Amino acid sequence: MISRQWRGLAKPARADEYVEHLRTETLPQLSSIPGCIDAAILRRAVGDGVEFLIVTRWDSIAAIQRFAGPDAGVAVVPDKVQEMMLEYDRTVRHYEIVE
């Protein structure tokens, strides 16, 4: 099993809008992809924004590629989400889940 992790720093006034985007668009899309196990939205206030860590679990890199494309390390950040962010990762981190 593989954990895919992405970090973004949202504009404070748009943080709730980002969560709504995740709940209504991203998570339903992910749940329809074979091999996507689950997703978690982690949130905390920091400095000038609201930091999010999005952690998804997948059964394989091939499953991740069905979402992200051939280069599984590239972050998938729609234009409307980019507008909500102060900064965000352009790449993601993948970890093999040991236990």
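Values quoted throughout were computed directly from the atomic coordinates according to the rules given, and no laboratory measurement underlies them. For clarity, every value in this text was computed on a predicted model and none was experimentally measured.
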Requested in this report: Output the number of the condition that I61 fails; it satisfies all remaining conditions of (1) within 10 Å of the chain's Cα centre (by Cα); (2) of a type in the set (A, V, I, L, M); (3) more than 16 Å from M84 (Cα to Cα).
Outcome: (1)
Query - Residues that are of a type in the set (A, V, I, L, M) and assigned to a helix (DSSP H, G or I), drawn from the stretch 1-25 - result: A13, A15, V19, L22
